[in-house]
Amino acid sequence: MKVLLTGGAGYIGSHVNKLLHSRGIETVVLDNLQYGHAGAVRWGRLVEADLLDYEALDSVFAGAGFEAVLHFAAYIFVGESVSDPEKYYRNNLSGGLNLLRAMRAHSVDKLIFSSTAAVYGVPSRVPIPEEHPVAPINPYGWSKLALERMIADYSRAYGWRSIIFRYFNAAGADPEGEIGENHDPENHLVPLLLKATLDPGRSLTVYGTDYDTPDGTCIRDYIHVMDLADAHWLGLERVTGGQAGNKPCEVYNIGNGSGFSVRQVIDSAVRVTGRTPQIVYGPRRPGDAPALVAESRLLKEELGWRPRYQELDTIIADAWRWEKTL
């Protein structure tokens, strides 16, 4: 089997690429390397191209014989999406539409899309099931939800098989230490916390201590990146094999089902590293929900997914091992 991974030089895409390679899948990674890293593509072939360049995208598909596409490429920073929504709608939606056009032009009808829990906005119940109403509170979430709708419409109209994975907070790193999280700029809690732990001259800012949560800080569901990669392997088997469900487009949450506050994540890092970073407290960030925790029952029941790295300290330990190599 041969598949295309858009954004496969990024954090999540590179871990999925490694796993697919270990399962005998031939991969081609398409990435513009704005945020991804060529060095993270240690398996398969890297093509440097942008989804906004339809001609380049069309040439990647021409004669390639892809059986499926795994679409990771997107801008992902919530705060930036609030301050510069045009950047997010242009890249995430226009680039996504170009991908769907190219797939259709080259008769590729199987797709796995990397979406987000941000589509739920401020949830009315936690843990959040897939049938929970969607109501994003930032342009990043709206851009993902709009592309979800486009994929569902394409799947119904053109007979595609697609899966939408709504990620909660991916964290950790490859336990073998070959790849890990390396954003520039970095906006995720765990790597920012570990960078502050490594460098006494840096501090971690906690945004908001007055949320309606037990300790006043945001609660998130942290899912190990390799557990997330396992879900993509199972999803690929489902859309390409004989186990597909009745719906042309299926939606699954990916999360541990356990929420941890920012303060609890800091406490875990102190336990794992034996060091205490400098902490600064600031106001809430626009677009942040108080709590996002997944209900992943459907993923377990229908795809047989079982997370292997559920303990927060394990997730932090793998991230810490990687952070010290940077």
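So, with +1 on the Cβ of K and R and -1 on the Cβ of D and E, and no other charges, what is the size of the charge dipole of the range 232-277 about its Cα centre, to the nearest 20 debye? Let's see the in-between values first.
Details: 5 positive and 3 negative charges, 40 e Å.
I would put it at about 200 debye.
Nearest 20 debye, what's the magnitude of the dipole of the range 116-242 about its Cα centre given +1 on Lys and Arg Cβ and -1 on Asp and Glu Cβ? Mind dumping the intermediate values first?
Working: 10 positive and 18 negative charges, 109 e Å.
The dipole of the range 116-242 has a size of about 520 debye.
Hey, what D do you get for the range 114-187 in µm²/s if you plug the Kirkwood alpha-carbon radius into Stokes-Einstein at 25 °C and 0.890 mPa s? Could the numbers behind the result be given before it?
Values: Rh = 14.4 Å.
In µm²/s, the coefficient rounds to 170.
Is the shape of the range 1-60 best called rounded, prolate or oblate, per the rule: a/c under 1.5 gives rounded, else a/b larger than b/c gives prolate, else oblate, with a ≥ b ≥ c the square roots of the Cα gyration tensor eigenvalues?
Values: a/c = 2.47, a/b = 1.38, b/c = 1.79.
Judged from the Cα gyration tensor, the range 1-60 comes out oblate (a/c at least 1.5, b/c at or above a/b).
Two decimals is fine: what is log10 I(q)/I(0) at q = 0.13, 0.15 Å⁻¹ for the chain, from a Debye sum with one equal scatterer on every Cα and no solvent?
Relative scattering, expressed as log10 I(q)/I(0), comes to -0.94, -1.29.
Ranked from highest to lowest mean number of other Cβ atoms within 10 Å per residue, what is the order of the peptides 233-240, 205-212?
Working: 233-240: 20.0, 205-212: 14.9.
Final packing ranking: 233-240, 205-212.
Projecting each Cα onto the charge dipole of the chain (Lys/Arg +1, Asp/Glu -1 at the beta carbon, about the Cα centre), which of Gly287, Leu236, Val16 comes out farthest on the positive side?
Leu236
Note the angle between two axes, namely the Cα long axis of helix 312-323 and the longest principal axis of the Cα atoms of the chain, as a number of degrees from 0 to 90, rounded to the nearest 10.
Taking Cα atoms only, the helix is inclined about 80 degrees.
By how many degrees, between 0 and 90 and to the nearest 10, does the Cα long axis of helix 189-198 differ from the longest principal axis of the chain?
50
Go through 166-173, 297-304 and give me the packing order, highest mean Cβ count within 10 Å leading. Show your work: numbers first, answer last.
On the way: 166-173: 24.9, 297-304: 15.8.
Peptide ranking by packing, descending: 166-173, 297-304.
Could you state the angle between the C-alpha long axis of helix 95-105 and the longest principal axis of the C-alpha atoms of the chain, as a value from 0 to 90 degrees rounded to the nearest 10?
So the helix axis and the longest Cα principal axis differ by about 20 degrees.
Can you tell me, using C-alpha contacts under 8 Å and at least 6 residues apart, the relative contact order of the chain as a whole percent? Walk me through the numbers on the way to the answer.
Values: 670 pairs, mean separation 64.2, N = 326.
It comes to 20 percent, rounded to a whole number.
I'd like the distance between the alpha-carbon centres of the range 162-186 and the range 23-37, rounded to an integer number of Å.
Using only Cα atoms to place each centre, the spacing works out to 14 Å.
Once the dipole of the chain is set up with Lys and Arg at +1 and Asp and Glu at -1 on Cβ about the Cα centre, which of Pro185, Gly201, Val126 lies farthest towards its positive end?
Val126
Could you list, in their original order, any pairs among Lys110/Lys300; Lys2/Lys144; Lys87/Lys195; Lys110/Lys195 whose Cα atoms are separated by more than 30 Å? Each step should come with its number before you reach the end.
Working: Lys110/Lys300 21 Å; Lys2/Lys144 26 Å; Lys87/Lys195 28 Å; Lys110/Lys195 39 Å.
Where the Cα-Cα span goes over 30 Å, the pairs concerned are Lys110/Lys195.
Give me the dipole magnitude in Debye, nearest 20, for the chain about the Cα centre, with unit charges on the beta carbon: positive for Lys and Arg, negative for Asp and Glu. Can you show the working numbers first?
Working: 32 positive and 40 negative charges, 63 e Å.
Magnitude of the dipole: close to 300 debye.
Which value in nm describes the separation of the simple spin-label points at His188 and Asp84, placed 7 Å from the Cα toward the beta carbon?
Each label point is offset 7 Å from its Cα along the Cβ direction, giving 2.1 nm.
Please report how far the C-alpha centroid of the range 255-319 lies from that of the range 50-104, rounded to the nearest whole angstrom.
Using only Cα atoms, the two centres lie 28 Å from each other.
Using the Cα centre of the chain as origin and beta-carbon charges of +1 (Lys, Arg) and -1 (Asp, Glu), tell me which of Ser258, Tyr89, Ala170 is placed farthest towards the positive end of the dipole.
Checked the options; the winner is Ser258.
Each reported figure results from applying straightforward, stated rules to the coordinates on display, with no laboratory input. Here the structure is a predicted model, which is why all the values come from computation and not from measurement. All Cβ positions, even for glycine, are placed from backbone atoms using ideal geometry, and neighbour counts span all protein chains on display.
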